[in-house]
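Here, each number is a calculation from the coordinates, and none is a lab measurement. Only a predicted model underlies this, so the values are computations on that prediction, with no experimental measurement involved. Cβ: placed from backbone, ideal geometry, glycine included. Neighbour counts: every protein chain shown.
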Amino acid sequence: MPEFSANLGFLYTEFSLPDAIRAAAEDGFDAVECHWPYMVPAGTIKQVLSDTGLTMLGLNTVRGKTAENGLAALVGRQVEARAAIDQAIEYAAAIGALNVHVMAGITRGGAATDCFVENLQYACAKAAPLGITILIEPLNDGDAPGYFLQYSAQAQVIIERVGSGNLKLMFDCYHLQIMEGNLLDSLEKLMPIIGHIQIASVPDRAEPDHGNLDYKQIVNKIETLRYTQPIGAEYKPATTTRAGLGWLRGYQN
């Protein structure tokens, strides 16, 4: 049976982060993940994870200014970018999180690619002794206009350039379906470099039980490819999280 992680950036947002972790455990999620937990002391989150038995799969580096959507590919912002990487890795290590998503930011060009590669090399070197994986994620141009990383092929080139075994692709089915389609073939091709998978319906980014993607087929493909980590439920509930968990019950029954 597949396992699922509740992304607390979108799910259970009516609760504080500690209470959201508790709610996810009560509802049968196998793990949790989040976006920016830094306002909550790491010790508090570590204790709640211990109490519930859940693992925090990952968290993000800070966005910088809201319109920037990350810092790591922004030329001339290396000091801020690396401070954000340090913050994320230190917090992840303190709570036992497995992954850190390094956000690239809104920019373009070859200099931005070089900047991103250098900052990722820094992140990977810092994270490796702690057993933490660094993730990069293509985002679609509708939800994140101008975001530096938009395609899986672009991510693959960057991963090869960085050359670190602990740099992986965050394969978000929602974003990649919008930008590329053909997810089943992409999953098979990219599985060696995939570090985390996320799901949401397309086009409305709600519960993954409707829309343009057949997640029963996709999840079956993921299992066939022997991916064993929890799949991230990163969607925007149509009403409340708990009212929309019928999709999850379908996998649990």
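In the range 68-123, which trypsin sites (Lys or Arg not before Pro) are in a loop and have at most 15 other Cβ atoms within 10 Å, using DSSP for the loop call?
Details: sites: Arg77, Arg82, Arg108; in loops: Arg77, Arg108.
Sites meeting the loop and neighbour criteria: Arg108.
Using DSSP H assignments, which helices in the chain have an axial alpha-carbon span of 24 Å or above and a mean Kyte-Doolittle hydropathy of -1.0 or higher?
Numbers: long enough: 78-95 (26 Å, 0.39); 110-127 (25 Å, 0.25).
Span-like helices here: 78-95, 110-127.
Please give me the summed charge of the neighbours of Val162: other residues whose Cβ is under 12 Å from its Cβ, Lys and Arg +1, Asp and Glu -1.
Details: positive: Arg161, Lys168; negative: Asp114, Glu118, Glu160.
Once all neighbours under 12 Å are counted, the net charge is -1.
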### Task
Evaluate the Debye formula for the chain with equal point scatterers sitting on the alpha carbons, no solvent, and hand back log10 of I(q)/I(0) at q = 0.08, 0.09, 0.14 Å⁻¹, in q order, two decimals.
-0.28, -0.36, -0.92
### Task
Filter the trypsin sites (Lys or Arg not before Pro) in the range 210-249 down to the DSSP loop ones having no more than 13 other Cβ atoms within 10 Å, then list what survives.
Arg226
### Query
Could you work out the helix-only [θ] at 222 nm for the chain, with each DSSP H run of four or more residues adding -39,500 (n - 2.57) and the total divided by the number of residues, to the nearest 500 deg cm²/dmol?
-12000 deg cm²/dmol
### Query
Taking the Cα-to-Cβ direction at Glu180 and at Ile193 and moving 7 Å from each Cα, how far apart do the two end points lie in nm?
0.9 nm
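First select every other residue whose beta carbon is under 12 angstrom from the beta carbon of Asp209; then total the charges, Lys and Arg +1, Asp and Glu -1. Walk me through the numbers before you get to the answer.
On the way: positive: Lys216, Arg249; negative: Asp204, Glu207, Asp214.
Its environment carries a net charge of -1.
So, counting K/R as plus one and D/E as minus one, what does the shell of residues with Cβ under 9 Å around Pro230 add up to?
Working: positive: none; negative: Glu3, Asp30, Glu33.
So the surrounding residues net to -3.
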